[in-house]
Amino acid sequence: QVQLVESGGGLVQAGGSLRLSCAASGRTFSSAAMGWFRQAPGKERDFVAAISYSGRLYYADSVKGRFTISRDNAKNTMYLQMNSLKPEDTAVYSCAAEASSNYNSPGRYRYWGQGTQVTVSS
């Protein structure tokens, strides 16, 4: 059974940092694209960042220069380093795995984690 489990969310003040982790089990995702999405209350799920099977990185304009996506294939884990956090970054962050293309589209991913809450206070 494939599972993606996020961790690292929490409450942080504006300007602070958090590091999210997405640990995968049940299969190896080293040759698959993985991504991060977020959903704020009353809003649609938005693309945050993605990493292709070859390691190419993709970011939403709103997080470029502040967030960094990475993966450790040996640990079957993906990360999202979030710096200079803003109140508008507050959302539930979810990781996703296995998309063949259109990495910024949530509908392209086969597997999803349950999400972790990130709250940024002003």
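The values are calculated or read from the model by the stated rules, or taken from the named source; none is laboratory data. Everything quoted here is computed from the prediction, not taken from an experiment. Cβ: placed from backbone, ideal geometry, glycine included. Neighbour counts: every protein chain shown. For the accessible areas, the whole protein counts, side chains as well, though only heavy atoms, and no ligand, DNA or RNA atoms are used. Shrake-Rupley method; radii C 1.70, N 1.55, O 1.52, S 1.80 Å.
List of remarks:
- Residue in the range 108-115 that is open to solvent by less than 50 Å² (accessible area, probe 1.4 Å), within 15 Å of LEU4 (Cβ to Cβ) and part of a strand (DSSP E or B) present: yes
- Filter result for VAL63 (in contact with a strand residue (DSSP E or B) (Cβ under 8 Å, 6 or more places away or on another chain) and in a strand (DSSP E or B)): no
- Selection count, the range 75-96, where residues are closer than 17 Å to ARG45 by Cβ and surrounded by fewer than 21 Cβ atoms within 10 Å (Cβ to Cβ): 3
- The set of residues in the range 33-74 that are of a type outside the set (Ser, Thr, Tyr), under 18 Å from ASN102 (Cβ atoms) and open to solvent by 70 Å² or more (accessible area, probe 1.4 Å) comprises GLU44, ARG45, ASP46, ARG56, LEU57, ASP61.
- Within the range 87-114, the set of residues being touching a helix residue (DSSP H, G or I) at 6+ places or on another chain (Cβ under 8 Å) and either at positive phi or at pLDDT below 95 (or both) comprises ALA99, SER100, SER101, ASN102.
- Cβ-Cβ distances below 6 Å connect the following pairs, each with a first residue in the range 65-80 that is without any contact (Cβ under 8 Å) to a residue 40 or more places away in the chain and closer than 21 Å to GLY10 by Cα, a second residue that is open to solvent by 30 Å² or more (accessible area, probe 1.4 Å) and not in a strand (DSSP E or B), and a separation of six or more residues or different chains: ARG66/ASN83; ARG66/SER84.
Here's the yes/no breakdown for (1) open to solvent by 10 Å² or more (accessible area, probe 1.4 Å); (2) assigned to a loop (DSSP other than H, G, I, E, B); (3) aromatic (Phe, Trp, Tyr); (4) under 16 Å from ASP72 (Cα atoms):
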{"residue": "VAL5", "(1), (2), (3), (4)": "yes, no, no, yes"}
{"residue": "VAL12", "(1), (2), (3), (4)": "yes, no, no, no"}
{"residue": "LEU20", "(1), (2), (3), (4)": "no, no, no, yes"}
{"residue": "ALA24", "(1), (2), (3), (4)": "yes, no, no, yes"}
{"residue": "THR28", "(1), (2), (3), (4)": "yes, yes, no, yes"}
{"residue": "SER31", "(1), (2), (3), (4)": "yes, yes, no, yes"}
